[in-house]
Amino acid sequence: MIEKQEGKDWIKVFDDKDWSTIFHWERSGISYSKSSITWQIPSNMTAGKYRIRHFGYYKNGWNGKIYPYVGVSNVFHVISQVK
């Protein structure tokens, strides 16, 4: 999901059902995989501080159990486009 900082809070502005967010997954070797999320920033996006946050699950290769995880990007700035 894409979140925008509003004061001290992070507010969801897009999630994985939006066309501007793209989730990439690929197998990396026998026991690993890689995932990444990209956001095609709409041209009318409000300037501010944003981050990408992802909630997922992984399967432990030793015991077969499934565990949740959360990934969060660094904060990045969106600026207004000059016209």
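The values are calculated or read from the model by the stated rules, or taken from the named source; none is laboratory data. The structure displayed is predicted, hence computed values, not measured ones. With ideal geometry, Cβ positions are generated from the backbone for all residues, glycine too; neighbour counts draw on all protein chains shown. In case anyone asks, the SASA skips ligands and DNA or RNA and just uses the protein heavy atoms, side chains included. Shrake-Rupley method; radii C 1.70, N 1.55, O 1.52, S 1.80 Å.
Remarks
- Any chance K49 is under 12 Å from I2 (Cα atoms), under 16 Å from the mean Cα position of the chain (by Cα), in a loop (DSSP other than H, G, I, E, B) and without any contact (Cβ under 8 Å) to a residue 60 or more places away in the chain: no
- Residue in region 25-65 that is modelled with the highest pLDDT, counting only those that are under 18 Å from H77 (Cβ atoms) and hydroxyl-bearing (S, T, Y): Y50
- Those residues of region 66-83 which are outside any strand (DSSP E or B), open to solvent by 80 Å² or more (accessible area, probe 1.4 Å) and modelled with pLDDT of 95 or more, in sequence order: N74
- All of (1) surrounded by 10 or more Cβ atoms within 10 Å (Cβ to Cβ); (2) outside any loop (DSSP other than H, G, I, E, B); (3) out of contact with any Gly (no Cβ under 7 Å at 6 or more places or on another chain) hold for H24 with one exception: (1).
- Within region 28-41, residues that are open to solvent by 90 Å² or more (accessible area, probe 1.4 Å) reach partners that are assigned to a strand (DSSP E or B) and charged (D, E, K, R) with beta carbons closer than 6 Å, at six or more positions or on different chains, in the pairs K34/E26.
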